[in-house]
Amino acid sequence: MVSRNILVINCGSSSLKFALVNPEQSQFAISGLAECLNTPQAVVSWKIGEDKNTLSIPSGDHKDALSKIMPLVQEICHGKLDGIGHRVVHGGHIFTAPTKITPQVLSEIERISPLAPLHNPAALQGMRAALDVYPDLLQVAIFDTAFHQTMPEQAFRYCIPEDYYSKHNIRRYGFHGTSHRYVSHQTAEFCNLPVDNSHWLTAHLGNGSSTCAVSNGKSVDTSMGLTPQEGVCMGTRSGDVDPGLFGHLSRVLGMSINEIENLLTKQSGLLGLSGLSNDMRTLEQSREEGHKGATLAIEVFCYRLAKSLASMACALPRLDGLIFTGGIGENSSLIRELTVSWLKLLGLEIDTQANTKLARGTAGLINKPNTPRIVVMPTNEERQIALDTLLFVK
Ligand code: ADP
């Protein structure tokens, strides 16, 4: 089999993350981050093996960053780059699968940008910059929402009048699809079950978090909705609140839409509850030291997560296992234990020793014998994006 190299790019409004993926190798040959783009502090940093480097590119934009990154990438893969895979947050109802980037596709992504005003314009900048630097190279867009396009209507519709859906595309879309798909498929393989005859609950727990019900390899429900704001408690996002909160905050506290959105996306979640931090490591340590806010934040996080998982279970005909992934899901035995403690009705029981002893970054089973599987499965969105991009390589 020919060895393949795919560059995976993930753009934020002022950042560009990249990794060179060879699907036959577990480590990325080069990976890095350009940040503070369009500011005097703009900088590219990268890692090749254990070797770390940085390069200042004052006021550089996405294209300037790529112009620095691409020669490094080409050198490492001896000029044999097979394609670029771009992570795009929102594909609306239009993009249900990875899609080869053409001018037409870029216009379509632009057209649905109001659905993800913070994310899609950044991805477009990255895609345009990459097309400018390498116009002849295969480039593929991989959408966070695409995996969830298999959700049935009862799962994706809001209980609001039909027109808002049919005329304005207001519905639940879901996010983190690349991760939910990757870990559910990997877990089926890990447990020797056929992907197309297995049923999983997945919990992707990072700075943003979401749950998903995956049935026969397909998403049948997920906790995020029109935006990545719906669902469980996250680092700085509130997750579900009473929709009446918006009117209340506006009428009673005189807050504007921008102020309310800022409150619910940047100052809430673990950060808002703890009054301390959005970082789970900090919260776990402070909880050990008796910090009340940290203790409460962790308790709310786990309880709400368990409630979300229990509700996702409605979408499955049987449960083959619960999967934890993402920075918190893969590393925090405490969060796994507290969450599962609320799920006794699903028959889930954690093996405390297996849970605490599982080595970081490894896949493993942490349930008690004769109870449904509980699996820790490291996610690898870059690898999934590379595999999806490879499908287009002739
Ligand atoms: P992102 O959504 O930005 O990709 P990650 O998946 O990297 O985020 O997850 C970040 C979260 O994982 C942070 O809250 C961080 O504290 C948490 N985390 C990472 N390592 C640990 C650990 N050993 N114990 C508890 N939480 C951890």
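The values are calculated or read from the model by the stated rules, or taken from the named source; none is laboratory data. A quick note: this is a predicted structure, and the numbers were derived from the prediction, not measured. Here the Cβ positions follow ideal geometry from the backbone for every residue, glycine too, while neighbour counts run over all protein chains shown. Side chains are part of the model used for accessible areas, which takes the heavy atoms of the whole protein and leaves out ligands, DNA and RNA. Shrake-Rupley method; radii C 1.70, N 1.55, O 1.52, S 1.80 Å.
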Which one of these does A34 not meet: (1) among the small types (G, A, S); (2) surrounded by fewer than 21 Cβ atoms within 10 Å (Cβ to Cβ); (3) modelled with pLDDT of 95 or more? (2)
Check region 208-225 and report whether any residue there is surrounded by fewer than 19 Cβ atoms within 10 Å (Cβ to Cβ), in contact with an Asp or Glu (Cβ under 7 Å, 6 or more places away or on another chain) and within 22 Å of R87 (Cβ to Cβ). yes
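If we only count strands (runs of 3 or more DSSP E) wholly inside region 1-41, which ones have 2 or more residues that are of a type outside the set (F, W, Y), touching a residue at least 12 places away in the same chain (Cβ under 8 Å) and in contact with a helix residue (DSSP H, G or I) (Cβ under 6 Å, 6 or more places away or on another chain)?
6-12, 15-21
Please work out if V232 is more than 16 Å from the ligand (Cβ to nearest atom), open to solvent by less than 50 Å² (accessible area, probe 1.4 Å) and among the aliphatic types (A, V, I, L, M).
no
For the subset of region 324-370 comprising residues that are small (G, A, S) and in contact (Cβ under 8 Å) with a residue 40 or more places away in the chain, which member is nearest to the ligand (Cβ to nearest atom)?
G327
Mind checking which residues of region 199-254 are touching a residue at least 60 places away in the same chain (Cβ under 8 Å) and among the aromatic types (F, W, Y)?
Once the filter is applied, which keeps residues that are touching a residue at least 60 places away in the same chain (Cβ under 8 Å) and among the aromatic types (F, W, Y), region 199-254 yields only W200.
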Please go through region 239-263 and give me each residue that is of a type in the set (A, V, I, L, M, F, W, C) and either farther than 21 Å from G225 by Cα or open to solvent by 90 Å² or more (accessible area, probe 1.4 Å) (or both), ordered by number. F246, L249, V252, L253, M255, I257
Quick one: count up the residues across region 316-345 that are outside any helix (DSSP H, G or I) and either open to solvent by 60 Å² or more (accessible area, probe 1.4 Å) or closer than 16 Å to L270 by Cβ (or both). 4
Within region 346-360, residues open to solvent by 60 Å² or more (accessible area, probe 1.4 Å) and either more than 21 Å from the chain's Cα centre (by Cα) or closer than 19 Å to S223 by Cα (or both) come out as E349, T352, Q353, T356, K357
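List the helices (runs of 4 or more DSSP H) that sit entirely inside region 103-175 and contain at least 3 residues that are open to solvent by 80 Å² or more (accessible area, probe 1.4 Å) and free of Cβ contacts under 8 Å to residues at least 40 places away in the same chain.
103-111
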Counting only residues that are within 10 Å of the ligand (Cβ to nearest atom) and part of a loop (DSSP other than H, G, I, E, B), which one in region 267-310 is surrounded by the fewest Cβ atoms within 10 Å (Cβ to Cβ)? D279
Residue tally, condition open to solvent by 10 Å² or more (accessible area, probe 1.4 Å) and touching a helix residue (DSSP H, G or I) at 6+ places or on another chain (Cβ under 7 Å), over region 58-72: 2
Name the one entry in G85, G79, G91 that is open to solvent by less than 50 Å² (accessible area, probe 1.4 Å), of a type in the set (G, A, S) and over 16 Å from A129 (Cβ atoms). G91
